[in-house]
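Each remark here refers to the structure printed beneath this line.
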Amino acid sequence: MKQVIKARDEAKRLAVQKLEEYSLNREALKGLRSKLKRLADLGKPADVSAVSYDAAATGTAPYHPGMMNIADECQKILMKIADRQAEILIVEDALQIINKGINCGNYSDILIMRHVDGYSMERITEKLGYSSRQAIYNQYNKALAKFAKALGL
């Protein structure tokens, strides 16, 4: 019996960790997109001038050598974005799953408010219109257990 409770507690701990990673991934995604935009802006061609440029006559490359570095960096950022988005989708799918069923409509809201938005249980009680904090704690524990199960923990 103790091992079952221990395993359940560990699954809940891992579920909380996933929610915290979800929050961090969402923030990181914003930063990565911003960095990608800055790099893309660096790679834009310079303003057109009246000077003629004939790369064949001068033997120089028709692009700036730093463009390959910018392209490589953009590719790395795009891969990081894809990885973060995949992690985010896993959590969002699990959050949708836990809202299915009788009296489960607020489960994902409770978890998001608690672990992503950082609300206290008192604030969640107010926002969702529950009559007591104990009711929210009960819903929270059920939501967390169901979320862990949806994640396969």
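State yes or no: is Asn103 touching a helix residue (DSSP H, G or I) at 6+ places or on another chain (Cβ under 6 Å), among the polar types (S, T, N, Q) and either assigned to a loop (DSSP other than H, G, I, E, B) or at pLDDT below 95 (or both)?
no
Out of the residues in region 116-139 that are of a type outside the set (A, V, I, L, M, F, W, C) and buried (at least 19 other Cβ atoms within 10 Å of the Cβ), state the one that is farthest from Val16 (Cα to Cα).
Ranking the qualifying residues of region 116-139, first place goes to Thr125.
Looking at Ile88, Ile98, Ile70, Ile112 in this structure, which one is modelled with pLDDT of 90 or more and over 16 Å from the mean Cα position of the chain (by Cα)?
Step by step, each of Ile88, Ile98, Ile70, Ile112 is checked, and only Ile98 is modelled with pLDDT of 90 or more and over 16 Å from the mean Cα position of the chain (by Cα).
Which of the residues belonging to region 91-110 are β-branched (Val, Ile, Thr) and crowded, with 16+ Cβ neighbours inside 10 Å?
Val91, Ile97, Ile98, Ile110
The values are calculated or read from the model by the stated rules, or taken from the named source; none is laboratory data. These numbers were taken from a predicted model, which means no experiment stands behind them. Quick reminder, even Gly has a Cβ in these numbers, built from the backbone with ideal geometry, and neighbours come from all protein chains shown.
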